[in-house]
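Have a look at the structure below before the remarks.
The values are calculated or read from the model by the stated rules, or taken from the named source; none is laboratory data. For clarity, every value in this text was computed on a predicted model and none was experimentally measured. Neighbour counts run over all protein chains shown; Cβ positions are idealised from the backbone, glycine included. All accessible areas refer to the heavy atoms of the entire protein, side chains included, with ligands and DNA or RNA removed. Shrake-Rupley method; radii C 1.70, N 1.55, O 1.52, S 1.80 Å.
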Amino acid sequence: MSVEYREDRKKWGYRFYLRGQCYKKYVWDTKTEAKEAEQQAQVDARNNPALQPTALATAAGAYLVASAEGGKGQWRIDGLNYTFKAHVIPHFGEATLIGDITPGAVKNFVRALKRKKFKGEKLKNKTIKNIITDLNAMYNWAMEPLEDGGPGLVDKNPVTKGA
């Protein structure tokens, strides 16, 4: 059990590690409440494992953070967020690994976008081009070497014509 009291917050809480991830929360007034919450949190963490770093939802979120830190404007970040949440993640699935997406899957995605309707009308070609550009940008970011010197999240970009 890893229940502890945070003097600075005057609250009881828990902190435990599972599969290399830290789970912590300090919001309870009594030690008993914190113990019960920790037990429930451990059960939830075991039953619902976190997504891998190369899962599409995780990679898209990391790309948004990197874009914001890189100086992109708030309008651009909001646009990327909308593109991923409304089009990319629902089509491929949030747990899909970005390395598992193939050029054929991207072609199927484009076909699905051409059939998709927004407010009763099909998406315009310019909108589809912008969505694919955002997906391409995420893959280009994922191909860059990591800060610790390791290889990028993926080896190739399935969006480009050369893939």
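Values as computed for the structure displayed
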{"read-out": "Per-region count, the stretch 138-153, residues in a helix (DSSP H, G or I) and either in contact (Cβ under 8 Å) with a residue 40 or more places away in the chain or surrounded by fewer than 12 Cβ atoms within 10 Å (Cβ to Cβ) (or both)", "value": "4"}
{"read-out": "Count of the stretch 41-77 residues which are loosely packed, with under 10 Cβ neighbours inside 10 Å and closer than 27 Å to residue 25 by Cβ", "value": "3"}
{"read-out": "Selected residue (only one of 106, 110, 65 is farther than 30 Å from residue 48 by Cα, in a helix (DSSP H, G or I) and hydrophobic (A, V, I, L, M, F, W, C))", "value": "110"}
{"read-out": "Single condition residue 33 does not satisfy, out of (1) surrounded by 13 or more Cβ atoms within 10 Å (Cβ to Cβ); (2) over 30 Å from residue 4 (Cα atoms); (3) not hydroxyl-bearing (Ser, Thr, Tyr)", "value": "(2)"}
{"read-out": "Flag for residue 109 being in contact with a Gly (Cβ under 9 Å, 6 or more places away or on another chain) and either farther than 30 Å from residue 15 by Cβ or polar (S, T, N, Q) (or both)", "value": "no"}
{"read-out": "Positions within the stretch 78-119 being open to solvent by less than 60 Å² (accessible area, probe 1.4 Å) and free of Cβ contacts under 8 Å to residues at least 40 places away in the same chain, in sequence order", "value": "81, 86, 89, 92, 93, 104, 109, 110, 112, 113"}
{"read-out": "Residues satisfying the stated conditions in the stretch 14-29, i.e. at pLDDT 90 or above and either on the phi > 0 side of the Ramachandran plot or open to solvent by 60 Å² or more (accessible area, probe 1.4 Å) (or both)", "value": "15, 25, 27, 29"}
{"read-out": "Selection status of residue 109, more than 30 Å from residue 22 (Cβ to Cβ) and among the aromatic types (Phe, Trp, Tyr)", "value": "yes"}
